[in-house]
Ligand SMILES: [Zn+2]
């Protein structure tokens, strides 16, 4: 408990949130991962904004401009949203 922000074996980083959030919202994440994610988000304002934006799905790119999200995380989110859209082909 000495180094704040240093990811250990039982913590996850913001960039991993981007990868996990889709499964989290689908309810397909294993319980322990879900708890890690929730624990992280509780103490991480950018990730809260991240999740709200992800959930919103409507004009996420526009909304992101008003939210203080680290540039790297923002790029990540946009990439995830893009992939999600691409993989959701109706009737496929
Ligand atoms: Zn975070």
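The values are calculated or read from the model by the stated rules, or taken from the named source; none is laboratory data. Remember, it's a predicted structure, so these values are computed and weren't measured experimentally. No Cβ is skipped: glycine too gets one built from the backbone with ideal geometry, and neighbour counts run over all protein chains shown.
Inspection of the range 68-78 identifies at least one residue that is more than 15 Å from the ligand (Cβ to nearest atom) and either surrounded by 13 or more Cβ atoms within 10 Å (Cβ to Cβ) or at pLDDT below 85 (or both).
Restricting attention to the range 27-52, and to residues there that are outside any helix (DSSP H, G or I) and closer than 14 Å to residue 11 by Cβ, which single residue is farthest from the chain's Cα centre (by Cα)?
43
With respect to residue 34, determine if the residue is closer than 14 Å to residue 78 by Cα and either surrounded by 15 or more Cβ atoms within 10 Å (Cβ to Cβ) or at pLDDT below 90 (or both). No.
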